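Trainee: My questions will all concern the structure given below.
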Amino acid sequence: MATEDSERFDQVDWNDLSRSGRFDLSTNSIGMLLTTLPLALLGVYDWRFTGQRTPTFEFIGLERNLESLDFFFIFTLFLAFWYLVLPLYQNPRMTRYYWKEFKRNRPAVVSLGWLGIVFVGGLVGPLVMNAPQQDLFIAYQPPVFTSVVDTTPATCVGEVMNGRCYGTWQHPLGTTQGGKDVFTMIVYGMTISMQIAFITTTIVATIGISFGTLSAYAGGWVDEIMMRFVDIILSFPTFLMFLLILYIYGAGLGMFIVVFSLFAWGGTARYIRSKSLSISEEEFIKASRISGASTYQVIRGHVVPNAASSIITQLTLLIPGFLLAEAQLAFLGIGDSTVPSWGQLISAGRSDLSFAPWIVLAPGIVLFLTILAFNFLGDALLDALNPEAEAENE
Amino acid sequence: MTEPLLSVRDLKKHYPIRKGLFNRKVGAARAVDGISFDIEEGETLGLVGESGCGKSTAASSVIHLEEPTSGEVIFNGNGRGGATRDPDGTHPNDVTQFDDDEMMAFRRGAQMIFQDPSSSFDPRVSVGNAVGELLKVHGMSDRHRRRAIVEDLLERVGLSASDFDRYPHEFSGGQKQRIALARALVLNPDLIIADEPVSALDVSIQAEILSLINDLQDEFGLSLLFISHDMSVIRQICDRVAVMDLGEIVEIGPVEEIFTDPQHPYTEALLSSIPTPDPRASVGGIELKGTVPSPTNPPSGCRFHTRCHKVIQPDGVDVDQADWRGLLNFRDKVSAGEVDVEQVRENIAAGGSDLTDAEVQAEIRREFDIGETVDDPDLERTLSEALDLLIDGNDERAGEVLRNAITTPCAETEPERTVHTPDHESACLRHEGQAAAEPNPADD
């Protein structure tokens, strides 16, 4: 058709076009679908066809097993890549603008670097490093550059001088009472921390955003009921609930993540609701509505992106809470003892604090730095994504 | 007779006012209360009035951003022309009755430009995508084609194709308004509603945008509903003008006739507010006195009568017009209990000396622009009586005396539309008796 290729607005045959299908997926959605599909297939295969104890990748000869938590983690990574990283690449101007604003906050740039290390370490570490092995002969090795009394470790891996055992690069952060390498355990703990961070954020954001926008747009008594439900969620004693579940069913890391994030979205939903209400009064929403866009398109295209910039900050500040909660539970001895989290490591080392402090200190410092980094990052994101908020603060 | 592109018939938009535990409806703000007008193909109709008179509500009701309370909006664009009324009295082209598909088509036929260029673009969407969004919504899934069309259009409105990827905050107000124009144009509509498109801009930029609108209108044969409170802008761009006051159209006619021969006092007052470039010319504006009424409780009769400088005197009364206006204002203020004799006394006493009652009375007269004596002896007697009662502190009785003696037909009769020349109609009681406008059905 001759007009099909015309590139002037007044030569478009709309009657023809508007009858054609509306099935129109963005690159991001196509990518998301293409990557999630194999993951889902693998998940189904793992669930139905391999034995309880058989590693997922046995069919290609790999000794690697994926838990359901791992599947969910990979899924959230895909989400983050296709809907967070790729859009930043697709809109270079906006990215450059955000980066310019962001990098004015030096501590936040350092924090981002640290979190990058934790993220990469958590992803790659377990792939290249063997899981820490029990070896009682090398228990209580001191970290490199430090020394302990010769009698503390069973056998000293490094040099022994003047009755003191010196640490080596073989175990840069020393070993535990079971002879496990602390550095390796911290790297394995990074994976757990990243899983907690990504999965909780995804659950909280999904429920919070859907609930908040729905409530704002439904209005009336639906809005009223939904917001009272949020009040209930916010005042729910999550910790007691978790203890209850723990005593009845026993609780792993997965249960911890699900329970705590299912009761953490109340604030997000409330925030999104108020933000949506104020955004929906803007003229660009009217402009979008008279373009003929459906309510879903308006919310998806304009309300959520504008509200999201503010909740990214809020979500970033939620993560430290989860990490701390996990460590606290582990320290109290009611965490998931099967996962090598930082909290578990700290808890394992607490009885040896007097003569082998590195077992507690090393993961403790890493946890502290990570939480600090998330807090700095949250602050900087608030300033970078929401210039008005910064202006109000000044 | 050719068919107009858009004809609005008796359009009303009332906002309910709810109160109490059960959200009982206790009243309604009648933002738009029965307006009718036509827009021909390629024509620009100006809609003018002071802020709060319902212009913007009228616009959003016409474009169906808000559901009108009642009335018809008949849109004959999009090749829907030539339709006749259905037997049950509804019109097939009535926008208020459109189903979803027809509404989508209507969106392609009519678009809108908003007043505030800074808030009419999503700060997180590049302007190219903001304009292209309309193409996407209407089914153009080929992103390269969308980009080509938008880039071509950006150049037409005086920007460059490379602006496609830039964000709204990188543009000035005038540039944003050009982009808004591109967004309104991109679906190739027949009608554009422009809601105060230049009032947020500098005067020099206003002129550029107005001439751009003019050029585009000529090139693509657009019809325009141009809303403004600025009479000089209206004169520059419009073919016809409709003057709106408190939700009603009080006068409608060709722009030159309205400017040279205004028939409605409200139009006269609006026209006198245009600043003249001559520094020696007296400001000479007609100052509207009296209270601006609220749309929740509009005045009876002619809605302008509380402020009209030409308010009609009843039979048998013939006083100075300024005195008459003053008397009416005085009556309303006293009835509302808003004349505080003590306050007046204090105000003059600040000048020194003790005051006689006569001095206070004179001051009150001055305040309401009433002459020292009113020409009509009966009225003069009433006024003196009321003033005496006021000074004695008997406000209620004074109000009663005034209300009984001072009445105007304007408050009692609703004015009909009268025709001055074939195209020029107004609604004022002073023209009663001239040819009344024929009811103008839309299906002619």
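The values are calculated or read from the model by the stated rules, or taken from the named source; none is laboratory data. The shown structure was predicted, so the numbers you read here are calculated from the model rather than taken from an experiment. Methodologically, a virtual Cβ is constructed for each residue, glycine included, from the backbone with ideal geometry; neighbour enumeration extends over all protein chains shown. In case anyone asks, the SASA skips ligands and DNA or RNA and just uses the protein heavy atoms, side chains included. Shrake-Rupley method; radii C 1.70, N 1.55, O 1.52, S 1.80 Å.
Trainee: In segment B:235-249, which residues are in contact (Cβ under 8 Å) with a residue 60 or more places away in the chain and either assigned to a strand (DSSP E or B) or farther than 24 Å from B:Asp10 by Cβ (or both)?
Mentor: B:Ile237, B:Arg240, B:Val241, B:Ala242, B:Val243, B:Met244, B:Asp245, B:Glu248, B:Ile249
Trainee: Let me ask something else about it. Condition test on A:Thr35, is it at pLDDT 75 or above, β-branched (Val, Ile, Thr) and either open to solvent by 30 Å² or more (accessible area, probe 1.4 Å) or not assigned by TED's automatic domain parsing to the domain that holds A:Gln297 (or both)?
Mentor: yes
Trainee: Ok, one more. Might you let me know whether segment B:88-102 holds any residue that is facing chain A (nearest Cβ under 10 Å), surrounded by fewer than 19 Cβ atoms within 10 Å (Cβ to Cβ) and in a helix (DSSP H, G or I)?
Mentor: Yes: one or more hits.
Trainee: Additional query: Step by step: first the residues of segment A:266-286, then only those that are open to solvent by less than 10 Å² (accessible area, probe 1.4 Å) and within 13 Å of A:Met226 (Cβ to Cβ), then the one that is farthest from the other protein chains (Cβ to nearest Cβ). Which residue is that?
Mentor: Per the stated criteria, the residue is A:Gly266.
Trainee: Tell me which residues, restricted to segment A:136-187, are assigned to a strand (DSSP E or B) and β-branched (Val, Ile, Thr).
Mentor: Across segment A:136-187, the qualifying residues are A:Val144, A:Val148, A:Val149, A:Val160, A:Thr175.
Trainee: If B:Asn78 satisfies all but one of (1) open to solvent by less than 30 Å² (accessible area, probe 1.4 Å); (2) in contact with a helix residue (DSSP H, G or I) (Cβ under 6 Å, 6 or more places away or on another chain); (3) not β-branched (Val, Ile, Thr), what's the number of the condition it fails?
Mentor: (1)
Trainee: Return the pair list, or none, for Cβ contacts closer than 6 Å from residues in segment B:250-263 that are crowded, with 24+ Cβ neighbours inside 10 Å to residues that are in a helix (DSSP H, G or I), at least 6 apart or on different chains.
Mentor: Taking only residues 6 or more apart or on different chains, the pairs are B:Val250/B:Tyr266; B:Glu251/B:Thr267.
Trainee: I'd like to verify a number: residues in segment A:235-262 that are farther than 16 Å from A:Phe322 by Cβ and either in contact with a Cys (Cβ under 7 Å, 6 or more places away or on another chain) or among the β-branched types (Val, Ile, Thr) (or both), how many?
Mentor: Qualifying residue count, segment A:235-262: 2.
Okay, residues lined up against (1) within 14 Å of chain B (Cβ to nearest Cβ); (2) over 17 Å from the mean Cα position of the chain (by Cα); (3) buried (at least 19 other Cβ atoms within 10 Å of the Cβ):
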| residue | (1), (2), (3) |
| --- | --- |
| A:Met255 | no, no, no |
| A:Ala264 | no, no, yes |
| A:Ala293 | yes, yes, yes |
| A:Val304 | yes, yes, yes |
| A:Leu318 | no, no, yes |
| A:Phe322 | no, no, yes |
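Trainee: Looking at B:Leu134, B:Leu181, B:Leu201 in this structure, which one is in contact (Cβ under 8 Å) with a residue 24 or more places away in the chain, of a type in the set (A, V, I, L, M, F, W, C), more than 9 Å from chain A (Cβ to nearest Cβ) and surrounded by 22 or more Cβ atoms within 10 Å (Cβ to Cβ)?
Mentor: On inspection, the qualifying residue turns out to be B:Leu181.
Trainee: Could you list all residues from segment B:15-36 that are open to solvent by 30 Å² or more (accessible area, probe 1.4 Å) and part of a strand (DSSP E or B)?
Mentor: The answer is B:Tyr15, B:Pro16, B:Ile17, B:Arg18, B:Lys19, B:Arg24, B:Lys25, B:Val26, B:Arg30, B:Ser36.
Trainee: For segment B:148-176, give me each residue that is within 9 Å of another protein chain (Cβ to nearest Cβ) and without any contact (Cβ under 8 Å) to a residue 60 or more places away in the chain.
Mentor: Across segment B:148-176, the qualifying residues are B:Ala148, B:Ile149, B:Val150, B:Glu151, B:Asp152, B:Leu153, B:Asp165, B:Arg166, B:Tyr167, B:Pro168, B:His169, B:Glu170.
Trainee: Next question. Open to solvent by 40 Å² or more (accessible area, probe 1.4 Å), among the charged types (D, E, K, R), at pLDDT 85 or above and not assigned by TED's automatic domain parsing to the domain that holds A:Ile365: which single residue out of A:Arg64, A:Arg8, A:Arg96 fits that description?
Mentor: None of the other options fit; the residue is A:Arg96.
Trainee: Continuing with the same structure: Report, by residue number, each residue of segment B:304-324 that is open to solvent by 20 Å² or more (accessible area, probe 1.4 Å), hydrophobic (A, V, I, L, M, F, W, C) and either in a helix (DSSP H, G or I) or at positive phi (or both).
Mentor: Once the filter is applied, which keeps residues that are open to solvent by 20 Å² or more (accessible area, probe 1.4 Å), hydrophobic (A, V, I, L, M, F, W, C) and either in a helix (DSSP H, G or I) or at positive phi (or both), segment B:304-324 yields only B:Ala322.
Trainee: Determine, yes or no, whether A:Thr313 is among the β-branched types (Val, Ile, Thr), more than 30 Å from B:Ile192 (Cβ to Cβ) and open to solvent by 30 Å² or more (accessible area, probe 1.4 Å).
Mentor: no
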